[in-house]
Amino acid sequence: TLDRPEKLNAFTSAMLHDFLAAVREAEADDDVRAVLLTGEGRAFSAGQDLSDPAVSGDGADLGALLAERYNPIILALRTIPKPVVVAVNGTAAGAGANVALAGDVVLASRSARFIQAFSTIGLMPDSGGTWILPHVVGHARALGLSLLGDPIPAEQAKDWGLIWDVCDDDVLLETAKEMAATFAAGPTLAFGAIKRAIDAAALNTLDEQLDLERDTQRRLGHSYDYREGVAAFMEKRQPKFEGR
């Protein structure tokens, strides 16, 4: 949980350091089989705290902040071999929006808004925004969102394919918890492979993607979860996956 509600969970360099450590800890812990990310209070995250010395001091290097903090977080969320559910409980602006969109399944409250607020302070989208947006919503919408910086309501974000679904505010977190629990009980080895394959498709040719599918499916075919899944199907019972 992003837990700085008095500042709308705006990121500081120290907060980003702790965030990355938490994601890496979740990846290393075999008992963690899914991740749920949300914000405390009335916003998911307002993005970077502009009063943080990392961005406000004389000679502040925004590139260094991206290299050392934001970029490793985005890569960690995209590559962790476990499903990441994001519950966007209010405004997600700037880097806050793109951190949310780096999740695997993004749910948003009806009151949520997504804002690529960078151009309003003379910047361009970062934290993966210039990669995620055109891949998800297309060239024209990616440019419009980035250039205009207009808020996008949750329902519109869903209609555009930017997020998975919208929930009433009072059931968002419970819905996200149920989804994360379902993932945690599922074939997490396969989930990790699905994440890698879908991301690889953005750059692979068809031939390369077919080879990836062949090689990955071969490995999954030797897994415990595949054997258990087939046995459960044949025996007409619920499978008991172990993520191996």
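The values are calculated or read from the model by the stated rules, or taken from the named source; none is laboratory data. All values reported here derive from a predicted model rather than from experimental measurement. All Cβ positions, even for glycine, are placed from backbone atoms using ideal geometry, and neighbour counts span all protein chains on display. Accessible surface areas use protein heavy atoms only, side chains included; no ligands, DNA or RNA. Shrake-Rupley method; radii C 1.70, N 1.55, O 1.52, S 1.80 Å.
When each of the peptides 92-104, 219-231, 56-68 is scored by the mean number of other C-beta atoms lying within 10 Å of its residues, the order from highest to lowest reads 92-104, 219-231, 56-68. In this view, the solvent-accessible surface of TRP131, computed with a 1.4 Å probe and all protein chains in place, comes to about 110 Å². With R₀ fixed at 35 Å, the C-beta to C-beta distance from LEU66 to VAL32 puts the FRET efficiency at about 0.85.
In the complete set of protein chains, residue-level accessible area for PHE114 is approximately 10 Å², probe 1.4 angstrom. Simple point charges give the picture: +1 on the Cβ of Lys and Arg, -1 on the Cβ of Asp and Glu, and for the chain a dipole about the Cα centre of about 540 debye. For the chain, the spread of Cα positions along the three principal axes, ordered from largest to smallest, is 63, 42, 34 Å. FRET efficiency for the LYS236 to THR182 pair, using the beta carbon distance and R₀ = 30 Å, is estimated at 0.90. Only one residue of LEU173, PHE183, PHE233 has its Cα farthest out toward the positive end of the dipole of the chain, where Lys and Arg carry +1 and Asp and Glu -1 on Cβ, and that residue is PHE233. The angle between the Cα long axis of helix 188-200 and the main principal axis of the chain comes to about 60°, on a 0 to 90 degree scale.
Applying the Karplus relation 6.51 cos²θ - 1.76 cosθ + 1.60 with θ = phi - 60° to the range 91-97 yields 3J(HN,Hα) values of 4, 10, 10, x, 4, x, 5 Hz, where x marks Gly and Pro. Computed with a 1.4 Å probe on the full set of protein chains, the accessible area for MET234 sits at about 130 Å². Helix 224-234 axis versus longest C-alpha principal axis of the chain: approximately 60°, rounded to the nearest ten.
Structure note, pairs LYS7/LYS82; LYS177/LYS240; LYS82/LYS177; LYS195/LYS236: Cα-Cα distances above 26 angstrom occur for LYS7/LYS82; LYS195/LYS236.
Sort the range 69-139 into rounded, prolate or oblate with this rule: let a ≥ b ≥ c be the square roots of the eigenvalues of the Cα gyration tensor; rounded if a/c is under 1.5, and if a/c is not under 1.5, prolate when a/b is larger than b/c, oblate otherwise. The shape class here is oblate. If both residues of a DSSP beta bridge must be in the chain, then about 10% of such bridges are antiparallel. The slack in the chain from ASP211 to SER56, taken as 0.36 nm per residue of separation less the alpha-carbon distance, amounts to 51.0 nm. Eigen-decomposition of the gyration tensor built on the alpha-carbon atoms of the range 1-75 gives equivalent ellipsoid semi-axes of 24, 17, 8 angstrom, largest listed first.
I'd like the orientation of helix 13-28 relative to the chain: the angle between its Cα long axis and the longest Cα principal axis, in ° from 0 to 90, rounded to 10. So the helix axis and the longest Cα principal axis differ by about 0 degrees. Close amide-amide hydrogen proximity is noted between VAL166 and ALA108, each under 5 Å apart and 5 or more residues distant or on a separate chain (H modeled in the peptide plane; Pro and chain starts excluded).
In the chain, the DSSP-assigned H stretches of four residues or longer account for a calculated mean residue ellipticity at 222 nm of -14000 deg cm²/dmol, using -39500 (n - 2.57) per stretch and the full residue count as denominator. In this simple spin-label approximation, ASP168 and ARG227 carry label points 7 Å from Cα along the Cα→Cβ vector, and these lie 4.6 nm apart.
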